[in-house]
1. Region B:125-213: which trypsin sites (Lys or Arg not before Pro) are DSSP loop and have at most 12 other beta-carbon atoms within 10 angstrom?
2. If I require 30 Å or longer along the helix axis, counting alpha carbons, and a Kyte-Doolittle average no lower than 0.5, what helices from chain B are left? Use full DSSP H segments.
3. Read phi for every residue in region B:180-191 and hand back ³J(HN,Hα) as whole Hz from Karplus 6.51 cos²θ - 1.76 cosθ + 1.60, θ = phi - 60°, with x for Gly and Pro.
4. Amide H neighbours of A:R39 under 5 Å, at least 5 residues apart or on other chains, H built in the peptide plane: list them.
5. Identify all lysines with a Cα-Cα distance to B:K188 below 19 Å; exclude those on the same chain that are fewer than 8 residues away in sequence.
6. What does the C-alpha gyration tensor say about the overall shape of region B:55-267? Classify as rounded when a/c is under 1.5, otherwise prolate if a/b is larger than b/c, or oblate.
7. Given only helices, namely DSSP H runs of n ≥ 4 each adding -39500 (n - 2.57), what is the per-residue ellipticity at 222 nm of chain A, to the nearest 500 deg cm²/dmol?
8. Given labels modelled 7 Å from the Cα in the Cβ direction, how far is it in nm from B:T40 to B:A409?
Amino acid sequence: MTDPSRPTTADAIAISNLRFAWGGRRRFGLAVDTFSVRRGETVFLFGESGSGKSTLLSLVCGVNKPASGQVEVDGTDLGALRGAARDRFRAERIGVIFQMFNLLPYASPLDNILLPLHFAPERRQRCGDPRAAALDLTDTLGLSRSLIEHAPAADLSVGQQQRVAVARALIGHPPLIIADEPTSALDAGAQSAFLDLLFERVQAFGATLVLVSHDARLATRFDREVSLSDIARTHREDAA
Amino acid sequence: MILLRLAIRSLISRRITVGLTVLAIALSTALFLGVEKVRTGARASFADTISDTDLIIGARTGGVQLLLYSVFRIGNATNNITWESYEDVISQPGVAWAVPISLGDSHRGFRVMGTTAAYFDRYKYRGGQDLTLAEGNRFDDLFDTVIGADVARQLGYRIGDPIVVAHGLASFTEHDDKPFRVAGILAKTGTPVDRTVIVSLKAIEAIHVDWQEGAQSANPVSADAVRGMDLAPSAITAAMIGVESPLQVFRLQRAINEYREEPLMAVIPGVALQELWEIVGVAETALFGVSAMVVATALIGMAAMIFSGLNERRREMAIFRAVGARPGTILGLLVLEAALMAAAGAALGVALLYTGLWIARPYVDAAFGLYLPISALTPREWAGIAAVVAGGTLVGFFPAIRAYRISLADGMTIRT
């Protein structure tokens, strides 16, 4: 594993000749010939549901392994790593934000934020004092400390939960942030405020951001807009 | 540590289902340990009841039966032995001491035992402890009685109170023409002595002197008149014997068993107890098996509860996977969850056990004369607790392996 603090010329994401198909009953296949994201770039990936975005994200995050072709993140070919190493890689290098239900509802927001560090010792080391780092993050995200430390995450509003999810994705400065429809559970006003915070933090940390959404209106803020249908081909067969 | 904290938080968040599951494990553990405690408690209580007595003699019957009716006041003697035989037997060489006892009458549910003053010196319990008087004195007058601690407590007797002995164990005919007086109250022993009314052997003879064929004769003898009569007993129920040297026990036992004048029997209390445990052992094993099955049922119930919750927790597993947890971590978390529930159940079970023992002890003592000691957990019981937790952890693997497969298939997003 390369040292993330060492500047390299490698792209944040580089995909070439990727082929993947889900096994089991749902025969869904995805093919991406070439797609890359530069370091520090913010990319808006436009995709309707069913366009294969979840599949693509699971490949970028190393949850699934391509059948053929390369998926490189930060210069590391994920396909060459074993399952446990890919999980470790994801923990160390990638912060993930979902559409909603990002948090373990029974745990405090603070524990939710600290959770990835348990699987990523290097990221933990970068934090220094993880607790202080988490609280610094939530301060800048406008979350009160009493809320973060004590209430179970289920007691937070959706907007607050999404901000906690941002803090969890950013803690320990992973170089790549993947956001999957992070604003679709928020109303229009909250969406804008949320994106302001997300962009500010991502840029402050110099991270790469890939945000996937079916809402094209969000695209204006990003360095680059890519439609999933332009880079990926999907095929579907019904097993029945 | 964060995983342990999260596992505990997760369990607390599902407190109703988890609570019921833990309660089921706790009840089964308490039952399991309770059977063990009662078993060892009963054995200890029985073993503590008589000590330093080498032989018990009585009419020929089963060895266990003789021990039960003579020492534990359980069941009845089928036959008495004549005073002549008794005197003949105890005059044999090697006999150091002998205490005759005569049973058969009762007082308000408590058995009345006739014996000699030597009983208070020779009867030992719990490794050689002597009977001590809490109040009053040993019997002095013919119609004096010394009562056990439970008799005094339950009937509220004090020194000097009158006692009328009933004929037989459950009868309405009373020896009311010859009332006794409480002369002494014994300190609590935790043995059947606590539930016994002790009178002199002569007194037993005296109250029956005018009885024939189980009924009082038409010409009763007054209490005062009986004092002038010869009250040498004609028969006794059993006798406790001590020998001069342990080497003589078996010889003497054989001699008594082969006594020609009358069918007699001598048993060594420890040997008879051992026979009793062999009989009871089958029931003990059955109880142990049943209680172990109850524990297994509770643990399987826990596995079922975890299984049924897996589908709603796929989101949770996806979150773990997204932040970098391996499927193996998910497996570990679920096993940890099962282990925590089993451990909580076992701990609560121990608490229930001791609360139950504490509450039940007076009732068990009153109803069965069984004084259950409240003792610390034995290594055997600790092993039982460890087995419950280990069993819980083991069954936790079944839903955990299922969760492992789900999280491997789902990854960060829930697939349907």
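Just so it is clear, none of the values below were taken in a lab; they were calculated from the coordinates. Since this is a predicted model, take the numbers as computed values, not measurements. Here Cβ is always computed from backbone atoms with ideal geometry, including for glycine, and neighbour counts include all displayed protein chains.
1. Filter output for region B:125-213: B:R158.
2. Those that clear 30 Å and a mean of 0.5 are B:15-49, B:269-309, B:327-368, B:379-410.
3. Using θ = phi - 60°, the values come out as 9, 10, 6, 9, x, 10, 7, 6, 4, 10, x, 10 Hz.
4. A:A12
5. B:K124
6. Oblate shape, in that a/c is at least 1.5 and b/c is the bigger or equal ratio.
7. -10500 deg cm²/dmol
8. Placing both labels 7 Å along Cα→Cβ, they lie 4.8 nm apart.
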